[in-house]
Each structure stands twice: as structure tokens, then as C-alpha cells.
Amino acid sequence: MESSQQRIKIAVQKTGRLTEHSQDMLERCGLKLTRSKDRLFCYGENMPIDLLLVRDDDIPGLVSEDVCDLGIVGLNVVEEKRLELEAAGQNAMFKQVFALDFGHCRLALAGPADAEYGGISSLENKRIATSYVHLLNNFLNSNSIRAETVYFSGAVEIAPKLGKADYICDLVSTGSTLEANGMQQHDVLLESEAVVIQTRAPLSDEKQALVSRLLQRLDGVLQVRESKYIMLHAPRSALPRIRDLLPGSEAPTVVPLEGTPEKVAIHAVCRENVFWETLENLKAAGASSLLVLPVEKMLA
């Protein structure tokens, strides 16, 4: 039995837009999890990795305080916490080590759709409601704008209707929530996605090796999300055209076909999606016997 000191602890959002994706990514890395009865802890059965399920706002703090070795959280939360610590004269004891390419959204300014917006100068002496006080203040200070920051948790988009603010600064994904509340997006402060953060406290060699292995597997998972393995036959004369048509492929493997020296078999990993139009174009270029297979795992 491995001691708790040798096990990696990862802080993950308990409920929210990143929860399902975070656990799915880790499971696709080969981690088998057993959830505790209180549903606040997941034990790694086959790897010395455990998950602590918490509020997303708490994740940077848990990693910074070395309670957890890693955390999966939105970049918006990471940057807000970093600026909060800087404002208090402290250094963030965590670092971003990997971007996960899901949970994409943006922290943006928005205002009533029927109000004219003439750029950031329109914010001068206005009230702006947000739960991202430090990111907003940093933006305002960087642009020499004097405005009142109104802390507002929860449904920030209703603040103007309540007479609490003139503008809002909030996360935007599709923009449908803003539209439903008669708001329109203006300037973007931050493009966000889910990221992995790591404590700055030194890890043992064993723990660091495990972290490196996990990050390598995460990279492998990302590489194969839309990758396909494609096999086909083609005349040698069609090779240049075939290469150009294979989407997102490195140099394909070309194998002579026994008994037919004028034809070859071509195998390639395509890192972009392979559409029906792609296959039709390959066939028009001379390809035959086309076969497309999913890629489950890949290490570069």
C-alpha cells in the first residue's frame, strides 16, 4: 500500500461546467476512480492519484497551500486569484503547466443592447458589476479608466435591471444569456479555458515523475480527440496529390503492394477531422479501398 505522501492529489471542480470534462479527461488517461460516499473524494484504484472535489474558487488556494499537488480549473479563476494575491503583496504559489482545450469562454464587458457604447471611454465614472473584481480593476487601471467596481455574485447580468450597475463584467460562452437579458457584449478582458496548475512547492522525484507522466498522457488524449487513422491504396503517380489532401497529416507511411509495383498502400494519422468530402476528394485523386479508423491513444 502506498502512503498518502506518495499519492498525487488533484483538486477538481465538484459541480459546474468543467466537472464532467475534467474527470473524463483523467479517465481517458487510464485512471480508474472510486468515489467516496460523501462524493467529495475520488480514489485512484490503478494509479496513486486521488481527486478532491471542491468549489472552483477554492482550487488555486488548495494548490497554493500545497494541500493538493495539481488542480484543474478555469484560467479566469487562476488569473483572478493571482491578481488577488498580488494586491495583498503575496506571490502565487502555483503555476500553470498545461492547457486542456475545453471549457472555452471569455471574460467580457457587456451593457444594455439599447445603449450606445463608444469604446472603453464609455466606462468612465460608470458602475460595473462583476464577481471578477481584480481582473476588472486591472483592466480599468491599465486603460486609465475611473469607474466603480460593484461586487455581484450569482446572476451578474441582471444587475443593470436592478439599478445596481450600468455595465457588467462576466463570463460569456455562447452569448445567449446576455441576449436573453437584453445585453450585448463589448470588450473582452480574458480568453479562458480549463488549465492544469501545479504547486510551486518542490515535489519528490517520484511525484514529479508521476506528474510528468500524467501530463504526457493528457497531451496524448488531446492529440487524438479528432485524429483518425486512414489507410488507402493509390497509384504511385497520385502520391503528391494524395499527400496534399490528407488533413493535418505528417509524412504518411507508403508501402509497396506486392504484385502491383505501380500501386502503393498509404497509412497516415490525420490530426484533423476526416469528412466525407475528404474521402471523395481522395477517391477522385485516384485512391481506392479507403478505410478510416478512430485513434484511441497516441504518444508523440
Given the chain, what count of lysine pairs have C-alpha atoms under 13 Å apart, with each pair 8 or more places apart or on different chains?
4
Calculate, in nm to one decimal, what ARG200 and SER121 gain on full extension: separation in residues at 0.36 nm each, minus their alpha carbon distance.
24.5 nm
Which label in [x] 41; [y] 24; [z] 47 gives the computed percent of Cα pairs over 32 Å apart
[z]
Report the full-extension gain for the segment ARG241 to ASN281: residue separation times 0.36 nm, less the Cα-Cα distance, to one decimal in nm.
13.4 nm
Summing +1 per Lys or Arg and -1 per Asp or Glu among the other residues with Cβ less than 14 Å from TYR117's Cβ gives -4
Enumerate the calculated ³J(HN,Hα) couplings along the stretch 224-230 in order (Karplus 6.51 cos²θ - 1.76 cosθ + 1.60, θ = phi - 60°), each rounded to whole Hz, writing x wherever the residue is Gly or Pro.
9, 4, 10, 6, 10, 9, 10
Once normalised by the length of the stretch 230-300, the mean sequence separation of its alpha carbon contacts under 8 Å that are 6 or more apart gives a contact order in percent of 45
Compute the separation of the alpha-carbon centres of the stretch 186-218 and the stretch 90-136 and state it in Å as a whole number.
23
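Throughout, read-outs are computed from the coordinates displayed, never taken from laboratory work. Predicted model only: the values in this text are computed from it and were never measured. Cβ: placed from backbone, ideal geometry, glycine included. Neighbour counts: every protein chain shown.
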